[in-house]
Amino acid sequence: MKSLSKNRELSKNSLTEFENIAHLSNADSITIDALDCATALSNNPVVGGRKMKDLLEQKMLLAIEPYVLAILEESKVSSDLQYRNVEQINSVLQKIASQMSAQTICYFRAGKAYLRISHELGDIGNLFFKSLFYNILKDFGKSYHLQTQENAICAICRV
């Protein structure tokens, strides 16, 4: 019993994983109505679940974006610059990824450039790097798309 009460005392002084999420951003919130709409859009529970996942991911990206912009600014990379070629984008990614033990790979195949980031940060890392790609590749319009895997994300750009 002593160890249980000691653990409770320790947890009183530290934020839990879920409390940290609550402190990320108050810019946007998910309402029960929004979740109900996402679920009700389809009678198929798989499709409804996917819409709910997309809604949650969108809200998490909104919460992460201020941190991504701060890291871009701290790295002396302007999010307003237009990155027109893949080499510029790759150098920015290398600069940021090197600070958080992530590896970047850039290669070209069949008229496309592949910018891949491998990391050990899990789903939160994928969300962070997805927001980073969105901010860096915003001038590419619809000529790129992102693919995510466990601990990896890849931007595929038409060149």
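FYI, it's all coordinate maths here, none of it is from the lab. Computed from a predicted model, the values in this text were never measured in an experiment. Note that each Cβ is placed from the backbone with ideal geometry, even for glycine, and that neighbours are counted across all protein chains shown.
Tabulated data
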| quantity | calculated |
| --- | --- |
| Extended-chain gain in nm, criterion 0.36 nm per residue less alpha-carbon gap, ALA110 and THR148 | 11.6 nm |
| Mean Cβ count within 10 Å, highest first, over the residues of peptides 114-122, 68-76 | 114-122, 68-76 |
| Point-to-point label distance, SER98-ASP123, nm (Cα→Cβ direction, 7 Å offset) | 3.2 |
| Full-extension gain in nm, GLU74 to GLU87, via 0.36 nm per residue minus C-alpha separation | 2.6 nm |
| Links that overshoot a 28 Å alpha carbon limit, given the list LYS51/LYS142; LYS51/LYS130; LYS53/LYS95; LYS53/LYS76 | LYS53/LYS95; LYS53/LYS76 |
